[in-house]
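Read through the structure below, which is laid out as structure tokens, and then see the notes.
The values are calculated or read from the model by the stated rules, or taken from the named source; none is laboratory data. These numbers were taken from a predicted model, which means no experiment stands behind them. Neighbour counts run over all protein chains shown; Cβ positions are idealised from the backbone, glycine included. Heads up: the accessible areas ignore ligands, DNA and RNA and are worked out on the full protein's heavy atoms, side chains in. Shrake-Rupley method; radii C 1.70, N 1.55, O 1.52, S 1.80 Å.
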Amino acid sequence: MCGIIGISSNKSVSSSIINSLKKLEYRGYDSAGLATLFDGEIHEIKSEGRVNHLEKNFDLKNLKGTVGIGHVRWATHGIPNSINAHPHSSHNVSVVHNGIIENSTLLKKSLSDKGHKFKSQTDTEVITHLITENLKTNELEEAITKTLKQLDGSFALGIIFKEIPDLIVGARRGSPLAVGYGPSENYLGSDSYALKSMTNKITYLDDGEFCIIKKDQVNFFNQNGKKINKKILELTSDELSYEKGDFKHFMAKEIEEQPTTIKTGIKEYIDNLNNDVNIFNFPWKINEIKSITLIGCGTAYHSCLMAKYWFEKLTSLDVTIDIASEFRYRNNRFKDNSLYIFVSQSGETADTYAALNLCNQNKMKTCAVVNVIESSIARDSNYVLPIHCGPEIGVASTKAFLGQILILYILALKFGILKNEIKKDDYLQKIKDLKNLPILLEKTLLLDNDIQAISSTFNEAKGSMFLGRGFSYPIALEGALKLKELSYIHAEGYPAGEMKHGPLALIEEGMPVVVLAPKDSYYKKTISNMQEVIARGAKVLLITNKSTDEVFSENIWQTIEVESTNEDLLPFLLTVPLQKLAYYSALKKGYDIDKPRNLAKSVTVE
Ligand code: F6R
């Protein structure tokens, strides 16, 4: 959340900073700013709104300087406006910050008592003044070490100094931060994505560390200010996947990429010759694991819920799921024989990362199901199962969801066969069905015109409901989340059988209700629940699968049929029309699909 870029070079840096900020906008887009050093002063420009707003408001040619920092913001302290935008500068220090400083009120008071004047409502400005204060009596490295120790909370920082004009300081606790190496210049970035267009040589800072970046040299320090050595990693270049190509939005591209996501996942995890699941170097004996706890946030949490249904069907494991922000503050009873699985696209979500750290501190077995393999969650887990779906730029998660549930399904199959809880024939059949899934997804993606037409009704409604039972229930939650985050329409996901226990009161004449009722073992029950909402005036969009069985129900407003496959895999297919419904609904409303209001990708604050 929020994006940081810093460049120390032998040439002017402002336009490169602007270009990187544009790439980082998916992390925050309510305001943007940058600061460079020239003519012996800090020069700062800031603006509410997007980076192109900043570009329009200021003439970058006037912003000279070979050292600079930039930021895109997702507001935490203080409304999104140009005053609260970063950088925050004093007469001699300028700071960009991701994260939250929890003791900012106390620090602000003591700094105000010492005569420091604050301009913004942000917690970040406190850091600027704290460093300014500490520099009065300390050399740079001591001042930074001292400042970091005085801060409570989480941060990734980029800092420049009027009186030491050839360098940038980067520091990390909680929020990710990377250093990149280029020819005659070096970089600081809140993720490798911002740096990838400039370099593929990266070092990630670990919690508590800071660095000093000059154009020709980078030094790293631990939390006590002692110099340390860090490895330089070479990232694979994958520039094309960062472009929209012919698509209007990244989300549209990422929805269409899903057959490839699944194909890649199958290639990585299925041994084609032996029709077996390949999970290499799994660090524990299968019998050591008696239970599984799956943890994530938002869409990733829906993946956990989906996995619970599969694990419970295919294995006898005891399966618990948890929302990361709840897990971390409960009095958990940690179980030695449990495997804790952390699901995250970005691998940087603060709550999921904190839950992982809690498990690590309690010496639990931890496994990450992530997309970004260089991420903090991947690096700090005992074992990593990458989803290999390529960069996901649209803020609303689409292909990463299918990527996550694919890996979790494959893992459930592997546990099932290793624990002798699935018959060999069933296992082989399920793998065969899995291999056919990309083709079925491609066909399901063709359901386009119908969904476009249907989306208008959702846009005109006060609210909507998404119902499903069993395997379709997590998908109902996911469909409702997509619609609300993109179209800002109130949407609730519910287990179909729960409606009569309260939510049925919401149903009124003409309310659009999506009913997910594939012809699986829950079908008849769901159809009965569907009748209950139709009887109360709901306009039902039934999403089912093609089958020779007729749907015995009257008064269904619209029906969409996805392809057919075994019931375990139907959730993959049911997801696609719901993603498209949310997409077209937002498109018709003219909303910013890749950057919905108030949201950001990679939520690195609690
Ligand atoms: C919704 C969405 C979010 C994320 C959540 C977790 O479309 O994308 O709900 O799923 O913020 O993010 P990751 O997976 O990066 O941990």
So, of the residues in segment 325-339 that are open to solvent by less than 60 Å² (accessible area, probe 1.4 Å) and more than 24 Å from Gly403 (Cα to Cα), which turns out to be farthest from the ligand (Cβ to nearest atom)?
Phe334
Under 6 Å by Cβ, and 6 or more places apart or on different chains, what pairs join a residue from segment 134-153 that is assigned to a helix (DSSP H, G or I) with one that is basic (Lys, Arg) and open to solvent by 20 Å² or more (accessible area, probe 1.4 Å)?
Asn134/Lys146
Within segment 218-237, work out how many residues are more than 19 Å from Ser197 (Cα to Cα), exposed (fewer than 11 other Cβ atoms within 10 Å of the Cβ) and among the polar types (S, T, N, Q).
2
In segment 105-129, anything assigned to a helix (DSSP H, G or I) and open to solvent by less than 10 Å² (accessible area, probe 1.4 Å) is listed as Leu111, Thr124, Glu125, Val126, Ile127, Thr128
Which one of the conditions (1) touching a residue at least 60 places away in the same chain (Cβ under 8 Å); (2) away from the ligand (no atom under 12 Å from the Cβ); (3) open to solvent by 10 Å² or more (accessible area, probe 1.4 Å) does Met364 fail to meet, given that it meets all the rest?
(1)
Residues that are under 20 Å from Pro386 (Cα atoms): which helices (runs of 4 or more DSSP H) entirely in segment 282-361 hold 2 or more of them?
298-314, 350-361
Exactly one of Leu233, Leu195 is assigned by TED's automatic domain parsing to the domain that holds Thr145, out of contact with any Leu (no Cβ under 9 Å at 6 or more places or on another chain), more than 24 Å from Pro596 (Cβ to Cβ) and at pLDDT below 90, and that one is Leu233
Since Met511 meets every condition but one in (1) of a type outside the set (D, E, K, R); (2) more than 16 Å from the ligand (Cβ to nearest atom); (3) touching a Leu at 6+ places or on another chain (Cβ under 9 Å), which condition does it not meet?
(3)
Among (1) closer than 17 Å to Ile405 by Cβ; (2) touching a strand residue (DSSP E or B) at 6+ places or on another chain (Cβ under 6 Å); (3) more than 9 Å from the ligand (Cβ to nearest atom), Phe342 falls short only on (3)
Consider Ser175 against the criteria (1) open to solvent by less than 30 Å² (accessible area, probe 1.4 Å); (2) of a type in the set (S, T, N, Q); (3) modelled with pLDDT of 90 or more: it satisfies all of them except one. Which criterion is unmet?
(3)
I need the full set of residues from segment 393-422 which are more than 17 Å from Ile286 (Cα to Cα) and of a type in the set (D, E, K, R), in order please.
Lys399
Restricting segment 494-534 to residues that are open to solvent by less than 20 Å² (accessible area, probe 1.4 Å) and of a type in the set (S, T, N, Q), the one nearest to Phe572 (Cα to Cα) turns out to be Thr526
Out of the residues in segment 478-502 meeting the condition of being touching a Ser or Thr at 6+ places or on another chain (Cβ under 6 Å) and free of Cβ contacts under 8 Å to residues at least 60 places away in the same chain, tell me which one is farthest from the ligand (Cβ to nearest atom).
Ala496
Selected residue (criterion: surrounded by the fewest Cβ atoms within 10 Å (Cβ to Cβ)) from residues of segment 306-324 that are within 16 Å of the ligand (Cβ to nearest atom) and not charged (D, E, K, R)
Ile323
What are the residues in segment 368-381 that are part of a loop (DSSP other than H, G, I, E, B) and either open to solvent by 10 Å² or more (accessible area, probe 1.4 Å) or away from the ligand (no atom under 14 Å from the Cβ) (or both), if any?
Asn371, Val372, Ile373, Glu374, Ser381
Conditions: (1) closer than 26 Å to Glu139 by Cα; (2) of a type in the set (Gly, Ala, Ser); (3) surrounded by fewer than 16 Cβ atoms within 10 Å (Cβ to Cβ). Gly245 meets all but one. Number of the miss?
(1)
